[in-house]
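Asker: The structure's right below; bear with me while I get my questions together.
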Amino acid sequence: MKFSYIAPRKKSALTPEVQLLFAFFSVTFFMLFMTYAFLLFKDYRFSEEKASVIAQRENLEVALEDMKKRIVFIQKEQVLAEKVFTGNVVLKDSIANLFDLVPQRITLSQAQILQNGLILYGITPNRDVYNFMLHAPLKSIFHRSYSSFYPEENGWLRFVSTNYIDEEKLNEN
Amino acid sequence: MFDKLFGALYLKVFVNIIVGRTTITVYVEYCSGDEVTESFEKTFETLNLTKAVEEYISLHTAESPYFYISMLDKSQFQGALPSCNAKEHAKFIDISSYQAACYKNAWTYYTLKSDLLLVQKEYARVGLDFIFSPFVILAEFFKEKIDVHTAMFVLVEDSFLSLSVFENGELLFAEHLDMFYKEEAAELLIEDAMEDIGINIDLENSIDLEDIDADEELGDLEDFGDIEDLDEIDEIDEFSDEKELDSLMTQKEEKHPSYSVSSEGFSEDYQRFSLIQTSVKHFYKNPKYKSVFIENVYIADAVGLGGDLKHYLEDEMFLNVHIRKMDLLHEMCSMAKKELG
């Protein structure tokens, strides 16, 4: 106020038009910034998800390997089980056959099944019954068959029959 | 910072309003930096802020947020006082009801607060940024003369005269004169004139002193070596004593009955001359003012004066008259620019 009685009114460049322009640009920049922020966030989320999926895939791969190993193991177990089962069935059949072999007049007291043989303990009324009814079939099965007797007090005979299969001969067949 | 940056980019629009006798003149200047890019001027046949005036101003102010509306103070109750000291002012007026401002720490210009508020209220729809005192415009216009001369400086407006007496940059006397008083104002003026006479009667001794001064003046005027002129001075002095009241009253009565102003330059120039003469007498007679002898008068002509005023002043008051044309609107505009720095 050098020359005037009154001071000039405060002037501002922020006219309604400029304010509108600023509002427009502010909103635009805000939206751009928000979009950028959203994209950054999505990118971050995507990276996280990607890392998570990779980790998951690695875990699954590990699990798959484990699973494969388990499958192999189970397959082996199955084979073994089948083998055992088969063996058992064979054994059962063998035992059944064995007991079928034993005639009515001979009583078995003990039977020992070996890897390549069979040892039978029992009582027979006499040596002939044993020889004809038991020893003969055993001899047809096993390659080597040995029998030993010792008398009982009542006149019967206790016997021990030891029978072996020779693997060499089996291979030859 | 922000405003400064934008302020440099935007145009500055200076709107200058002068309320004349029957018209309002609006001068608009568009400035880019220090360069004036466009200017417009339009006169409206009204005295109020009509819709047309308002629209014209708004049309230009809408061009830039940096617009400044300036107006010339038209209050009858304005003036200027020597010194910027409030205690000194008390000798002349009770400054409390006036809005005053100091000009370059040398003198004070003032106007009636209520008039200032009234004009601000009247122009509230467009708003005002600057209200300039005619004395300040006069001082700026004759800056190089005021600082080195002892002279009377007069700003002649459409219906006002702003008269001031400077002695080497120091203000001695200032008066704002209205050429067209309203009736009640005229009555007051007559009363004032009566009072002046009363003072003259009371101060009879001072009349004697004036006679002595007149003798001194005659002594000074001997340089002219023209006895007829001296006789004329005697006659003027005689007017100033007793016939003055009659002449004053006659002049006022001539002026006021119809308020109709003669379109001829002659009567207006005579009115101006009469007002100047009265004012100068007041300056000489009032002991409150430091008295110096006025030889030169510099007139800022804002209306396009005829040659009559110059002749009256030269022939009747023996003044060396210098008239300089002034475009008041342009001066106001440059004042607004100065004000903004």
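Asker: Using the number of other C-beta atoms within 10 angstrom as an exposure proxy, rank B:I18, A:I71, B:I57 with the fewest first. Spell out each step's value before the answer.
Answerer: Details: B:I18 20, A:I71 12, B:I57 23.
Neighbour counts put them in this order, fewest first: A:I71, B:I18, B:I57.
Asker: Distance in nm between label sites at A:T28 and A:E82, each 7 Å beyond Cα in the beta-carbon direction?
Answerer: Taking the simple label geometry, A:T28 and A:E82 are separated by 7.7 nm.
Asker: Compute log10 of I(q)/I(0) for chain A with the Debye formula, placing one identical point scatterer on every Cα and leaving out solvent, at q = 0.11, 0.20 Å⁻¹, to two decimals.
Answerer: Ignoring solvent entirely, the Cα scatterers give -0.76, -1.26.
Asker: Projecting each Cα onto the charge dipole of the range A:23-101 (Lys/Arg +1, Asp/Glu -1 at the beta carbon, about the Cα centre), which of A:S26, A:L98, A:G87 comes out farthest on the positive side?
Answerer: A:S26
Asker: Turning to a different aspect of this structure: Specify, per residue and in Å³, the volume enclosed by the convex hull of the alpha carbon atoms belonging to the range A:23-101.
Answerer: 68
Asker: What is the average number of partner chain Cβ atoms found within 10 Å of a Cβ in B:66-75?
Answerer: Values: counts 3, 3, 4, 2, 3, 3, 0, 2, 0, 1.
Taking all residues of B:66-75 together, the mean is 2.
Asker: Excluding B:L49 itself, calculate the net charge of residues whose Cβ lies under 9 Å from the Cβ of B:L49, where each Lys or Arg counts +1 and each Asp or Glu counts -1.
Answerer: Details: positive: B:K51, B:R125; negative: B:E54, B:E122.
Net local charge, B:L49 excluded: 0.
Asker: OK, next. What number, rounded to the nearest 500 deg cm²/dmol, is the helix-based mean residue ellipticity at 222 nm of chain A, given -39500 (n - 2.57) per DSSP H run of at least four residues and division by all its residues?
Answerer: Details: 3 runs with 98 residues, N = 173.
When only DSSP H runs of four or more count, the value is -20500 deg cm²/dmol.
Asker: Can I ask one more? Against the longest alpha carbon principal axis of chain A, how many degrees, from 0 to 90 and to the nearest 10, is the axis of helix A:16-101 turned?
Answerer: 0
Asker: Provide A:I106, A:I165, B:I299 in ascending order of the number of other Cβ atoms located within 10 Å of each residue's Cβ, fewest first. Before the final figure, lay out the partial values.
Answerer: Working: A:I106 19, A:I165 16, B:I299 27.
Arranged by neighbour count, lowest to highest, A:I106, A:I165, B:I299 become A:I165, A:I106, B:I299.
Asker: What translational diffusion coefficient, to the nearest whole µm²/s, does the range A:105-172 have by Stokes-Einstein, given a Kirkwood radius computed over alpha-carbon pairs, a temperature of 20 °C and 1.002 mPa s viscosity?
Answerer: Numbers: Rh = 12.4 Å.
D = 173 µm²/s.
Asker: Skipping prolines and chain starts, which residues have an amide H placed within reach, meaning under 5 Å, of the one on B:S75, given they are 5 or more residues away or on another chain?
Answerer: none
Asker: Roughly speaking, what is the stretch gain from B:L11 to B:N48, that is 0.36 nm per residue apart minus the C-alpha to C-alpha distance, in nm to one decimal?
Answerer: 10.5 nm
Asker: Can you give me the Cα centroid spacing of the range A:1-50 and the range B:263-318 in angstrom?
Answerer: Centre-to-centre distance over Cα atoms comes out at 63 Å.
Asker: Mind sorting B:Y284, B:Y98 by how few other Cβ atoms lie within 10 Å of their own Cβ, fewest first? Walk me through the intermediate numbers first.
Answerer: Working: B:Y284 17, B:Y98 22.
Fewest-to-most Cβ neighbours within 10 Å comes out as B:Y284, B:Y98.
Asker: Scan around B:F173 for amide H atoms under 5 Å from its own, H built in the peptide plane at 1.01 Å from N, and keep only partners 5 or more places away or cross-chain.
Answerer: Close amide H contacts, sequence-distant or interchain: B:V165.
Asker: Evaluate the Kirkwood expression for the hydrodynamic radius of the range B:47-140, namely the inverse of the mean inverse distance over all pairs of different C-alpha atoms, and round to one decimal in Å.
Answerer: Working: mean 1/r = 0.0676 Å⁻¹.
Answer for the range B:47-140: a Kirkwood hydrodynamic radius of 14.8 Å.
Asker: What is the local net charge at B:L72, summed over the other residues whose Cβ is closer than 11 Å to its Cβ (Lys, Arg +1; Asp, Glu -1)? Write down the numbers at each step before the final one.
Answerer: Numbers: positive: B:K74; negative: B:D73, B:E157, B:D158, B:E331.
My count for the surroundings of B:L72 gives -3.
Asker: Could you list the GluC sites (Glu not before Pro) in the range B:1-86 that lie in coil according to DSSP, counting only those with at most 11 other Cβ atoms within 10 Å of their Cβ?
Answerer: Values: sites: B:E29, B:E35, B:E38, B:E41, B:E45, B:E54, B:E55, B:E63; in loops: B:E45, B:E63.
Qualifying residues, ordered by number: B:E45.
Laboratory data are not the source of any read-out in this text; all were calculated from the coordinates shown. Since this is a predicted model, take the numbers as computed values, not measurements. Positions of Cβ are backbone-derived with ideal geometry, glycine not excepted, and every protein chain shown enters the neighbour counts.
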